[in-house]
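Scroll down for the structure; my scribbles are underneath it.
The values are calculated or read from the model by the stated rules, or taken from the named source; none is laboratory data. Please read these numbers as outputs of a predicted model, since none were measured by experiment. Every residue, glycine as well, gets a Cβ built from its backbone with ideal geometry; the counts of neighbours run over all protein chains shown. The protein model used for the area step is the full one, side chains on, heavy atoms only, and it has no ligands, DNA or RNA in it. Shrake-Rupley method; radii C 1.70, N 1.55, O 1.52, S 1.80 Å.
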Amino acid sequence: MAQDSNTARWRHALLKQVEKPGRYLGNEVNATFKHSDEVSFRIALAFPDVYEVAFSHVGLKILYEILNDRPDTWCERVYSPWFDFEQALRQNNRKLFALESGDPLESLDVLGFTLQYDLCYTNVLAILDLAGLPLYASERNENHPLIVGGGPNTTNPEPLAEFFDLFVLGEGEQAVHTLADAVIEQKKTGISRKEMLENLSKHEGFYVPSHFTPRYENGRLAAIEPHDPNRPSVRRAAVTDLDSTPFPVHPPTPNITPVHDRYAVEIQRGCSRGCRFCQASQIYRPVRQRKPETIYELTRQGLENTGETTLSLLSLSAGDYGCLNPLLESLDGLVRSRRVDLQLPSLRVEALEDGLLHLLGRERKGGFTLAPEAGSERLRRVINKGNTDDDLLASVDRAFRLGWQRLKLYFMIGLPSETDEDLYAIVDLAQRARSVARRYRKSAQVTVSASTFVPKAHTPFQWAEAIGREEIRRKQSILFGELKRLRIKFKFHDSHSSLMEMAFSRGDRRLAAVIERAYRLGARFDAWSDHHDPEIWEKAFTESGVDFAIWRNAIDPDATLPWDHLDFGPKKSFLREEWENAFAQEHREDCSYGTCYHCGACGSGKVKRQVYLPETPDENSRQDVPKHVQFAQTPQGKVLSPKAPGARRKIRFKVAKKDRAVFMGHLDTMKTVLRAFRRAGISLVMSEGFHPSPRVAFGPALPVGVSSEGEFFDAETTDTLPASMLAEHLSHALPSGFELLDAMDIPRRSPSLSEAIQHMIFRFDLPENVDEAEIGDALARYEAAAEVMVERIAKGKPRPYNLKDRLAGLAAEGRSVTADILNETGGSVKPLEILQTVFGLSAEQCHETIICKIDTQFRTSFPKKRSSSSKRRNRKPRKQG
């Protein structure tokens, strides 16, 4: 759906005022566009962090594709605006909008937040405020969108309860359909917002905070009282069959590089290893796996539709996937044919085998991470980690023997019953691991990372005492000193951030006032260490009359917890039993393949474990993958290395860049074009060396915010199709705003684009507040001047140059100015330099100027290059002695 011209105009003006406008475009390949008058339900999925972080989140992509597959629904996205864009919105009196349509968020039916991390809570309020919405649920009326929260932080949503109308607890794949149906029904029947929430609360997974009231006694939470005694608690929603649950194979591809630039496939959900500190291993029980055949097909389609060069197989514990080795062997041909790196980001120490490491490191053997969590075997028994020092050292030996180069060891400090002896055990284990690694590689690097333990809701350690700031720093100091002595790198988390996370993970509704006050004081992006300001939060707690230390203390197991009315699976009695087992150092085996401990997660058989093994008896929920299944029989689809490639050839493509695409930077445009080649299935010739890359060369960088009627790039390929047909395939794979105009074969030895392009013609349409007479006077002064100096800063030093040396011509007709810019190897003129130096335009006037590159002219002749033999003949003799 195209934006109306007025919306596009003010959106373009805003984007010219920010450092990374690519964050706010919404024109990604596979983004969904619909007509608002043809749908009954509109929702924006909000992630309270910046684009690069938010884009990596798989859960949001799952819901995006599920909702947009409904013909009656349009699901859009919104991410936290960075500081400069927030400022631009406020200064221009504009409200935050949905990425795809550009419509203000207040015009939608639902704004759904994914709550992943406690220190993003002020970003939630920033999004609401910038959208022009009341922060508190009690202040909203029938005309406001419903504010819904989901994600892992709904395990204890009480600190945010005052701000949200509704929370979705647990897994949202089916719940979002229930939500959409309820809103559509409300709009048809005209029932009130209150009635709709009442109806939703009868469904599993829907928690309406206004239906429960906390009661306090002597400054402590005494009870969470339901308004309806017949519904004293809310049980999470859970997927019963992961294999048949939709997973996105057409996810949007990023405009700018995200934190995790990859196509990710969820191979299993849940982990029943039972680490006692781990919230995810409790709330996502039982383990449910996808069939290997399903994973293969999702991978094939996803790689084709995104053009990504990295594949990540997601799981809380990928090594526990029953058919992991057969799956990786089946994927090996697919990822090799497409030159894709394969990642398994979560492997247990004891899961690393030679074959697995060999498959993972086929493309590139860089670094890998192991998570012992605790330095001593005693403490690992306390937390139920279940592996030994020998397991770790054996995995290190395998990895470095097979050519891996770097190792990162991940630990936690402040775990229950930890002593200084456990800290020194971390140092000892890291030193031994390095010694093993250096048997194979003398330069092997080992890095130790230590985060601070935070007690989490619905875990056996939810009652534990958390260490204070001084104790955190003391433990970090011990590790820092000892590891520095051994020349082992050490990374650790900010102590104040850990304390804040402790407060929010176990806090109650009294924290709402603190979050609002911190937001008003300017707290934003607290998950970023360089933007977390402890003074703001300390002031917010003081002014709100709340002592956050109360949530750091040990909790009586018989006390009321802020989340007692929320049922995420494991029963409180089971968690308490595990709390006692921890101090008895009693280990519990993984229940996926062994004994059932009746924790309550399966919900009387509603949700069953789903485990696939290569060859097992048909027993309980274990489902056989017969030996005769050959994964290679799955259709291969397009591959980037055809069996019978033609001769190498070079094709020059010409593409127009307009609309939202003008705000994509040069490097992001290059990545976008390379992904498009992969999606189009066009075979590109790769460079030689350790890190092969496609042989695609681009012309001079086009400034951000400037449109073009013709940009060029040269690509070497072995495809035998005519250039026009390849252009047609590529055209369909490019995102909105790119229009492929032409493609032609050129000699492989022809000069590069940087050498071939001689002139670039730009047109500047100056704003109406620039007087035409002043334009003429400025041009006259320019023509009369012997030189017009521009000072450009390069590598921190001023580099002045004469503008007239790099401009072949400058002319004006009314407010339209044409500039003929020479393509110089030392750096061409920047359009903004012309506007500011020649015409004296202010920054605001430059933002309002519409700039377009209207033509590119190529050289007709080139200076003859000296041959290498003549260079040798003319070389000066070297001095002797």
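Before moving on, here are some points about what is shown:
- Summing Cβ point charges (Lys, Arg +1; Asp, Glu -1) relative to the Cα centre of the range 267-312 gives a dipole of roughly 460 debye.
- Around N384: net Lys/Arg minus Asp/Glu count, Cβ-Cβ under 9 Å: +4
- Radius 13 Å from Cβ of N141, net charge of other residues (Lys, Arg +1; Asp, Glu -1): -1
- Computed E for D745/E688 - FRET, C-beta separation, R0 30 angstrom, nearest 0.05: 0.85
- In the range 634-761, one over the average inverse separation of all distinct C-alpha pairs is 15.3 Å, which is the Kirkwood hydrodynamic radius.
- The range 169-320: radius of gyration and largest Cα-Cα distance (Dmax), Å: 20.1, 61
- Within the chain, helix-based [θ] at 222 nm, where runs of 4 or more DSSP H residues each add -39,500 (n - 2.57), nearest 500: -9000 deg cm²/dmol
- For the range 129-187, fraction of C-alpha pairs farther apart than 13 Å, in %: 65
- The range 691-815: translational diffusion in µm²/s, Stokes-Einstein, Kirkwood Rh over Cα pairs, 4 °C, 1.567 mPa s: 69
- Stretchable slack from E755 to S435, in nm (0.36 nm times residue separation minus alpha-carbon distance): 110.0 nm
- Contact order for the chain, expressed relative to its length and based on alpha carbon pairs under 8 Å spaced 6+ residues apart, stands at 11 percent.
- Within the range 87-112, backbone nitrogen closer than 20 Å to the virtual label 7 Å beyond the Cα of E844 toward Cβ: 87-95
- Given +1 at the Cβ of Lys and Arg, -1 at the Cβ of Asp and Glu and no other charges, the dipole of the range 217-346 around its Cα centre is 300 debye to the nearest 20.
- Shown are T155, T718, whose ranking by accessible area with a 1.4 Å probe and every protein chain present, most to least, is T718, T155.
- Projected onto planes of every orientation and averaged, the convex hull of the alpha-carbon atoms in the chain covers 44.3 nm².
- Whether the range 720-778 is rounded, prolate or oblate, judged on the alpha carbon gyration tensor where a/c under 1.5 counts as rounded: oblate
- Added length on full extension, which subtracts the Cα-Cα distance from 0.36 nm per residue, T720 to E774: 13.9 nm
- In this calculation the C-beta distance from E225 to N143 is compared with R0 = 25 Å, giving a FRET efficiency of 0.25.
- Stretching E813 away from H211 to a fully extended chain increases their span by 210.0 nm, per 0.36 nm per residue minus the current alpha-carbon distance.
- Taking a Cβ cut-off of under 11 Å around E100, the surrounding Lys, Arg, Asp and Glu residues balance to a net charge of +1, with basic ones at +1 and acidic ones at -1.
- Rel. contact order, % - alpha carbon contacts under 8 angstrom, at least six apart, the range 1-76: 35
- Computed over protein heavy atoms with a 1.4 angstrom probe, the accessible surface ordering of T369, T669, largest first, is T369, T669.
- Flagged links, alpha-carbon separation over 25 Å, of K95/K188; K475/K571; K491/K671; K34/K187: K95/K188; K475/K571; K491/K671
- R398, R300, R439, R77, ranked by accessible area, largest first (probe 1.4 Å): R439, R398, R300, R77
- Annotation for S449 and K572: the two label points, set 7 Å from Cα along the Cα-Cβ direction, are 3.5 nm apart.
- Annotation for the range 657-745: GluC sites (Glu not before Pro) lying in DSSP loop with at most 13 further Cβ atoms inside 10 Å of their Cβ are E688.
- Taking label points 7 Å from Cα along the Cα-to-Cβ direction, D556 and Q857 give a separation of 8.8 nm.
- In summary, the convex hull built on the alpha carbon positions of the range 456-526 has an orientation-averaged projected area of 6.7 nm².
- Measuring with a 1.4 angstrom probe and ignoring ligands and nucleic acids, S192 comes out at about 40 Å² accessible.
- Under a model in which nothing but the beta-carbon of Lys, Arg (+1) and Asp, Glu (-1) is charged, the chain shows a dipole of about 4880 debye around its Cα centre.
- Taking the range 430-512 and dividing mean pair separation by its residue count, relative contact order in percent (alpha carbons under 8 Å, at least six apart): 36
- Cysteine residues of the chain whose Cβ has no partner cysteine Cβ closer than 4.7 Å: C75, C120, C271, C323, C591, C596, C599, C602, C846, C852.
- Take the Cα of R378, step 7 Å toward its Cβ, do the same at F583, and the gap between the two points is 1.6 nm.
- Options G172, M412, L128, ranked by Cα towards positive dipole end of the chain, top entry (Cβ charges): M412
- At R0 = 25 Å, FRET efficiency that the Cβ-Cβ distance of K484 and R401 yields, to 0.05: 0.30
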